[in-house]
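The values are calculated or read from the model by the stated rules, or taken from the named source; none is laboratory data. Quick caveat, the model's predicted, so the values are computed rather than measured. Note that each Cβ is placed from the backbone with ideal geometry, even for glycine, and that neighbours are counted across all protein chains shown. For accessibility, only protein heavy atoms count, side chains too; no ligands or nucleic acids. Shrake-Rupley method; radii C 1.70, N 1.55, O 1.52, S 1.80 Å.
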Amino acid sequence: MTHIHDTQASWLDPEVVENALKNPNRDPAHVRAVLAKARELQGLNFDDVATLACIDDDALRDELYGTARYVKEEIYGKRMVLFAPLYISNVCGNECSYCAFRASNKSIQRHALDMEEIKQEALCLIDQGQKRVLLVAGEGYSAANGGFNYVLDAIDAVYSVEHKNGNIRRLNVNVAPLTLEEFQALKAREIGTYQLFQETYHRPTYAEVHLRGKKADFDWRASAMDRAMQAGIDDVGLGALFGLYDWRFELMSLMQHIAHLEERFGVGAHTISVPRIEPAEGSDFASAPPYAVTDEDFKKLVAILRLAVPYTGLILSTRESAEMRREAIALGISQISAGSRTNPGGYAADATSTEQFQLGDHRSLEEVVRELASTGFIPSFCTACYRMGRTGKDFMDLAKPGLIKRKCDPNAVTTLQEYLCDYAEPATQAAGESAIVQSLDKMDPKTRRNAEKMLNMIRNGRRDIYC
Ligand code: SAM
Ligand code: SF4
């Protein structure tokens, strides 16, 4: 049974956040001590994060970036996980003033894909070489169209598609907050991460931009991860929509959210997403959002998150330009989407209408893979952890002592090899093969032997090998 206290986000304390940001310890020696602590790869506490969020000196900011690059490299090496979103419906009963799907926007065509259309989208993604997909929907499923079962059926539809050597092996889900029972049904569908952004943790701003519909209830949304975890979903993805309110406030509140989940469930966020508001049809912020985050502040945000929660995946979408993505990857981003469409049916029909927001990076998956590989990265399509049951606290217990690398490195090169064999053009194949050689050279002998064995199996025609 859901208790009253479960639906109230009493763990959020804006006064504590504001005080921490009002009186940070700006002494350069203290800032450097925090950065030295971050190099130990065990994360930072709330006050440490406030200290870094208030850096306003260029030299210290550069030291922050240097530390973030070090931590990123130590933990993630050159691996970069790739995924694509799959928008199944833009029907929505909410009135979020920043989103093209808001109920009052009459200028867009509404469509909830049927199961055949969803399979078509999955097929297109599979044929591009994608293995990890994020299912996204507006909050428009009503009793008339099957209610929440629509989402459950959509998950089954995506998982049911196989084509040539490909299939979608991990489906993460970004849909509106659910009841405990609905989360239990979602868990039974074997999803990866349940992802939900609070948009803003600042209650007055939240009320201003969520004008009508279920989403207007701040606490129902803020308590969603509690219900997800109670239902046994170990991996949850947090985020805020940056630009609605002060990014420092959102960052510190995210820290409170993570601390709450850690205290209650023994594990915090599996991922954090950092979307910045983009212009959207019918949005109130077509030109400038009220607290637009500058590129410099955005980089600070990514760098600080990398240091604060080093083992939490940091996700960047195609909202950002290719150039910003390159910089943010160096500072801490560990997962990016590629070749995205944010309109339902956008992969199969290649329609350009009714996108949820404008994209900053229009490159195809192939182009992104080629660029990553030719700059020494290993684009990874790995889905091993959740399929091996390495989720939640079990994942963190392996990650924190640095043991996960022995799994991630072989899995990354193996999934890249699959992509190169089955989908890549010759120039991408060449770049990828050379990135694999560089990666093998950096592995310890035992990990390397394992990776070479797995690579040979792929080259000999086996698929979906992981450890
Ligand atoms: N409808 C569900 C909800 O709102 O939670 C889930 C899907 S919604 C389409 C996914 C996310 O898109 C939202 O959480 C919001 O952060 C983001 N979004 C909406 N409008 C945006 C915009 N104009 N620019 C960037 N991101 C936006
Ligand atoms: Fe609907 Fe989500 Fe867009 Fe809000 S952000 S209008 S809930 S799709």
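Kindly indicate whether Ala280 is aliphatic (A, V, I, L, M), modelled with pLDDT of 95 or more and crowded, with 22+ Cβ neighbours inside 10 Å. Spelling it out, it is not the case that Ala280 is aliphatic (A, V, I, L, M), modelled with pLDDT of 95 or more and crowded, with 22+ Cβ neighbours inside 10 Å. Of the residues making up the stretch 240-273, those that are open to solvent by 10 Å² or more (accessible area, probe 1.4 Å) and not in a helix (DSSP H, G or I) are Leu241, Tyr245, Asp246, Gly266, Val267, His270. Of the helices (runs of 4 or more DSSP H) entirely within the stretch 383-436, those holding at least 2 residues that are more than 12 Å from Ala373 (Cα to Cα), open to solvent by 10 Å² or more (accessible area, probe 1.4 Å) and modelled with pLDDT of 95 or more occupy 405-422. Across the stretch 98-124, the qualifying residues are those that are out of contact with any helix residue (DSSP H, G or I) (no Cβ under 6 Å at 6 or more places or on another chain) and assigned to a helix (DSSP H, G or I), and the one among them that is nearest to Thr205 (Cα to Cα) is Glu117. Each residue in the stretch 437-451 was checked for being farther than 24 Å from Glu367 by Cβ and surrounded by 15 or more Cβ atoms within 10 Å (Cβ to Cβ), and 6 of them qualify.
Which of the residues that make up the stretch 369-382 are open to solvent by 20 Å² or more (accessible area, probe 1.4 Å) and of a type in the set (Phe, Trp, Tyr)? Explain how you work it out, then say what you get.
First, pick out the residues of the stretch 369-382 that are open to solvent by 20 Å² or more (accessible area, probe 1.4 Å): 370-371, 374-375, 377, 382.
Hit for the stretch 369-382 is Phe377, nothing else.
In the stretch 209-239, which residues are in a loop (DSSP other than H, G, I, E, B) and within 23 Å of Ser104 (Cα to Cα)? Listed by number, the residues that qualify are Leu211, Arg212, Gly213, Asp217.
Taking the stretch 125-144 as the range and being assigned to a loop (DSSP other than H, G, I, E, B) and surrounded by fewer than 20 Cβ atoms within 10 Å (Cβ to Cβ) as the test, the residues that pass are Glu139, Gly140, Ser142. When the criteria are applied in full, Glu182 fails the requirement of being within 19 Å of Ser253 (Cα to Cα), outside any loop (DSSP other than H, G, I, E, B) and acidic (Asp, Glu).
Test of understanding: among Val91, Val81, Val71, which residue is in contact with a Lys or Arg (Cβ under 8 Å, 6 or more places away or on another chain), within 16 Å of ligand 1 (Cβ to nearest atom) and β-branched (Val, Ile, Thr)? Working first, answer last.
Details: Val81 fails: within 16 Å of ligand 1 (Cβ to nearest atom); Val71 fails: within 16 Å of ligand 1 (Cβ to nearest atom).
Checking each option against the conditions leaves just Val91.
The rows are residues; the columns are (1) of a type outside the set (Asp, Glu); (2) without any contact (Cβ under 8 Å) to a residue 12 or more places away in the chain; (3) open to solvent by 10 Å² or more (accessible area, probe 1.4 Å); (4) away from ligand 2 (no atom under 16 Å from the Cβ).
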| residue | (1), (2), (3), (4) |
| --- | --- |
| Val158 | yes, no, no, yes |
| Ile168 | yes, no, no, yes |
| Leu171 | yes, no, no, yes |
| Ala185 | yes, no, yes, yes |
| Ala188 | yes, yes, yes, yes |
| Ala207 | yes, yes, yes, no |
| Asp217 | no, yes, yes, no |
| Trp220 | yes, no, yes, no |
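Whether a residue is more than 16 Å from ligand 2 (Cβ to nearest atom) and out of contact with any Pro (no Cβ under 7 Å at 6 or more places or on another chain) was assessed, and Ala240 does not pass this test. When Thr200 is tested against (1) in a loop (DSSP other than H, G, I, E, B); (2) of a type in the set (S, T, N, Q); (3) over 18 Å from the mean Cα position of the chain (by Cα); (4) farther than 16 Å from Gly345 by Cβ, only condition (3) is not met.
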